[in-house]
Amino acid sequence: MKTTVISSEIQQLETYSKQGDSYTDNNGRYGWRNPIRTDTGSLLTGLVISTAPKHILEIGTGHGLSTLYLASGLEVPYAATIDSIEFDPGVAASTQARMNDCKAPVTVHTGDALDVIAQLEGYFDLVFLDAQKNMYLSHLLALMARNLIGAGTVILADNVVDRQVECQSFLDWFVDEGINHEIIPTECGLLVARL
Ligand SMILES: C[S@@+](CC[C@H](N)C(=O)[O-])C[C@H]1O[C@@H](n2cnc3c(N)ncnc32)[C@H](O)[C@@H]1O
């Protein structure tokens, strides 16, 4: 549910530029910390409301705009949790503080997604991918290899249209595996699938 404090934090973050700050990862790969577009945010909230997941995993926390849209779909009092992964320690710490201020049930894990996935426990019924686009498939396969996701898990991935080239191997995987999926024509393109 969009609590008053989450609503006002979303409004605040929505005033920031959609062209986020830049970062370089441990392997020297360059990226932009672009927050999700407003249409995608509303869709994330709607998908959480309609699928009622108990355990959500987000890869690519950034400043937490998408995290708050995901949290907005959860029932209050919270019976569900969100784990989110961010490799920049400063960004992870400030976003964790933001989530705490909003009383959102979010744990931000600091580290490279593949390293954090290797340590995670539990089972996720909804995953939102929004870190490096050319790593989407690696992140998905790493989650599957550890049985952190499986049959029934909802997979959401941003930027599959505006950055399609980087996402191509990921998109091909859904076709090759015969997994029902849809690309929603949001501003950046959101893949929605169910394993
Ligand atoms: C597109 S931004 C996320 C925006 C955020 N989802 C939002 O809507 O506000 C991608 C984020 O993922 C982080 N990131 C990129 N590659 C990562 C990796 N391999 N492991 C963990 N975090 C990563 C970046 O530092 C950046 O903050």
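Name the single residue that is surrounded by the fewest Cβ atoms within 10 Å (Cβ to Cβ) among those in the range 42-71 being polar (S, T, N, Q), over 11 Å from residue 10 (Cα atoms) and in contact with a Ser or Thr (Cβ under 6 Å, 6 or more places away or on another chain).
That would be 45.
Yes or no: the range 15-31 includes at least one residue that is modelled with pLDDT of 70 or more, surrounded by 12 or more Cβ atoms within 10 Å (Cβ to Cβ), touching a Gly at 6+ places or on another chain (Cβ under 8 Å) and of a type in the set (D, E, K, R).
So far as the range 15-31 goes, no, none of its residues is modelled with pLDDT of 70 or more, surrounded by 12 or more Cβ atoms within 10 Å (Cβ to Cβ), touching a Gly at 6+ places or on another chain (Cβ under 8 Å) and of a type in the set (D, E, K, R).
Here is a list of conditions, (1) closer than 14 Å to residue 65 by Cα; (2) buried (at least 22 other Cβ atoms within 10 Å of the Cβ), and residue 127 meets all of them except one; can you say which number that is?
(1)
Looking only at the range 165-182, count how many residues are surrounded by fewer than 17 Cβ atoms within 10 Å (Cβ to Cβ) and touching a strand residue (DSSP E or B) at 6+ places or on another chain (Cβ under 9 Å).
Number of matching residues: 4.
Restricting to the range 101-116, give me the number of residues that are of a type in the set (Val, Ile, Thr), within 12 Å of the ligand (Cβ to nearest atom) and surrounded by fewer than 21 Cβ atoms within 10 Å (Cβ to Cβ).
Residues meeting the conditions: 2.
The values are calculated or read from the model by the stated rules, or taken from the named source; none is laboratory data. Computed from a prediction, not measured in an experiment: that's the story for all the values here. Neighbour counts run over all protein chains shown; Cβ positions are idealised from the backbone, glycine included.
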